[in-house]
1. Out of curiosity, is B:CYS118 crowded, with 24+ Cβ neighbours inside 10 Å and within 13 Å of the chain's Cα centre (by Cα)?
2. Any residue in the stretch B:146-169 that is surrounded by fewer than 24 Cβ atoms within 10 Å (Cβ to Cβ) sitting within a Cβ distance under 8 Å of a residue that is outside any helix (DSSP H, G or I)? List the pairs, counting only those 6 or more apart or interchain.
3. Of (1) among the charged types (D, E, K, R); (2) touching a Ser or Thr at 6+ places or on another chain (Cβ under 6 Å); (3) within 8 Å of chain B (Cβ to nearest Cβ), A:ARG51 satisfies all except one. Which?
4. So if I check each of A:ILE120, A:ILE74, which one is under 26 Å from the mean Cα position of the chain (by Cα), aliphatic (A, V, I, L, M), more than 8 Å from every other protein chain (Cβ to nearest Cβ) and buried (at least 24 other Cβ atoms within 10 Å of the Cβ)?
5. Would you kindly identify the helices (runs of 4 or more DSSP H) lying entirely within the stretch B:60-139 that contain at least 3 residues that are of a type outside the set (Ser, Thr, Tyr)?
6. If you take the residues of the stretch A:16-38 that are farther than 25 Å from A:ALA170 by Cα and surrounded by fewer than 18 Cβ atoms within 10 Å (Cβ to Cβ), which of them is farthest from the other protein chains (Cβ to nearest Cβ)?
7. Scan (1) surrounded by fewer than 16 Cβ atoms within 10 Å (Cβ to Cβ); (2) assigned to a loop (DSSP other than H, G, I, E, B) for the single condition A:GLY48 breaks and write down its number.
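The values are calculated or read from the model by the stated rules, or taken from the named source; none is laboratory data. Since we're looking at a predicted model, the values are computed, not measured. Glycine also receives a Cβ, built like all others from the backbone with ideal geometry; neighbour counts cover every protein chain displayed.
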Amino acid sequence: MITLHHASRWYGHVLGVNDVSCTISAGITTLLGPNGAGKTTLIRLITGQLRPTTGSVAVLGERPFANPRVYAKIGYCPEGEGIYEDLTARQMVGLLAALSGMSGRALRDHVQHVLELTGIAESADRRIAGYSKGMRQRVKLAQAIVHEPEVLILDEPLNGLDPVGRREIAQLLKDLGAAGKCVVVSSHILHEVEQLTRNIVVLHHGRLLAQGDLYAIRALIDAHPHRVAITTPDGRELARCLLDLPGVVSVRLDGGNEGGVEIETRDPEHFYHEFPKLVAHRRFRITAFSSPDNNLEAVFRYLVEGTS
Amino acid sequence: MMAEVHLFRAALRDLSRPKRLMAAGFVCIVPPLLVLLVRIARPASGMAPLRYNFATTFLGFGFVLPILAAVFATGAIRDEVEQRTIAYLLTRPIARWRILWPRFASAVLAVAMGMAICLVLCAVSAWGPVGVTTAPLVRDLEIAAVGAGVYCAFFLMLAAIINRALLVGLLFAFGWESWVPNMPGSFQRMSIATYLRVLAPHSLPEAETMDVLRMLNALAPQTISQATAWTTVICVTALALAVAFAAFSMREYLPQEDEG
């Protein structure tokens with residue numbers, strides 16, 4: 001649905017994004033990167049607010065800059081505080097729905113529907129100036145989905161929301177993704193992003209570091225063997241057995257009442273295949289098992305560290 | 001068309017913020033107040049036309065009109081950029097010029113209303129209540145509306161193509177439009193105010209002493225016909241709007257601090 005082909009964007013002498021090529025399909029995709037990585041620039045290229053300096057950007061097969069045909073299918077929730085403070089939520093969402101071509105009863109019904117969907121229907125006739133940050137975020141989301149776009153671009157949509165709000169909005173985004181919409185979410189709240197999707201695009205210093213499934217990307221990071229933490233009272237014996245497994249590069253014993261073993265392996269697939277057999281055969285008692293670096297935060301850290 | 005109606009209403013709501021209304025009201029009230037002060041100081045009834053003509057020519061059309069137009073017309077774009085709300089508008093399935101013209105129309109309406117208040121109060125201040133019927137108000141109000149259109153179009157064009165449009169606009173209003181209409185030779189034709197003065201002429205007494213500019217003007221008097229004035233005003237309005245719409249359609253509008 002979204003294609004970037006060697007897209008670069010410079011602001012004078014400052015680099016926004018540099019030679020980014022990727023394709024984003026239906027479902028939820030998270031755009032990750034530290035501050036200044038180029039996430040917002042990339043989003044502005046996709047939403048047609050900026051033209052690429054070189055390369056090309058296409059949304060649903062068309063160039064998005066100042067292109068109403070593309071905007072009919074895009075919903076955009078910008079980052080930051082910009083909002084029509086003097087309007088009520090209903091007026092703001094209504095205005096932007098009217099700009100999307102809606103009118104009359106259809107407009108009123110759609111506006112009411114998205115206000116309910118985003119949980120601000122009860123406060124919709126109050127001026128936005130009196131809203132909390134979380135409520136403003138909901139209004140911004142409501143205006144992005146009011147015209148039922150195929151592509152939804154959300155720049156930090158979870159910012160300012162309380163935990164309940166985050167869960168509700170995350171569920172809404174999951175529902176939209178499951179309905180076949182292309183949902184691109186920029187965020188730096190990694191653990192929440194991880195619950196939304198495994199499909200990520202990682203940017204750093206304007207460059208695309210990685211794109212695809214989180215675990216597939218993790219498997220490709222050779223510089224950092226996979227860590228597996230096991231809690232067991234049979235720590236010493238287990239450690240000795242694990243050392244014999246192919247791919248295991250280190251084993252570390254932790255003290256404590258419940259003995260802990262942490263291993264590093266370059267062949268996690270083989271390890272996860274062999275480990276249950278070993279435990280069953282030697283009757284080890286395992287009380288906890290985790291993979292501390294097989295998550296978004298670790299992948300993100302490894303990718304970013306690798307380029308610093 | 002519904003989209004434009006919504007945008008027009010939103011723009012009017014934006015223009016009618018209390019702070020903005022108070023500032024505009026203050027600007028509009030300056031000419032009639034000065035006329036009132038002069039009337040109190042020199043109450044001769046024969047002076048009423050002079051008081052009205054002076055106030056409308058130099059303060060109404062020469063000061064209030066370009067100032068209001070500069071503030072309201074540049075605000076049509078500036079407000080959205082400064083409030084960081086422009087992204088909502090520019091990512092909607094509507095041609096960009098269709099976003100701009102309702103905002104232009106609301107600015108023209110606001111300026112014309114401000115000028116109407118100013119002119120009516122000037123007439124009342126100069127003559128008293130009979131001023132409403134004595135002064136050439138209908139003609140002046142018509143030309144004020146035309147002036148609102150041409151100035152707003154010009155300042156909208158500035159806002160569409162440069163970043164500090166308000167500052168440049170105010171410099172233009174205070175500097176260019178104050179001096180150029182009084183310049184000798186055909187140079188005065190470079191000012192919008194010159195043509196508005198032709199369309200709404202107000203006779204002023206000849207100065208007893210001649211300064212250099214008047215001498216030069218006397219040597220090479222410039223006469224602009226009403227037809228030329230109308231044609232020029234219409235052409236400037238159309239051209240400025242065309243440039244404004246084209247620039248707004250092509251330009252990237254982003255707050256620089258958001259880059260990242």
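1. So B:CYS118 passes the test.
2. Between residues of the stretch B:146-169 that are surrounded by fewer than 24 Cβ atoms within 10 Å (Cβ to Cβ) and residues that are outside any helix (DSSP H, G or I), the close pairs are B:ILE161/B:ARG251; B:VAL168/B:ILE162.
3. The single condition A:ARG51 does not satisfy is (2).
4. A:ILE120
5. Passing ranges, in order: B:65-82, B:86-90, B:96-127.
6. The residue in question is A:SER21.
7. Single failed check for A:GLY48: (1).
Per-residue answers, yes or no, for (1) among the β-branched types (Val, Ile, Thr); (2) within 14 Å of chain A (Cβ to nearest Cβ):
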position	(1), (2)
B:ALA48	no, no
B:GLY62	no, no
B:LEU68	no, no
B:GLU82	no, yes
B:THR91	yes, yes
B:VAL120	yes, no
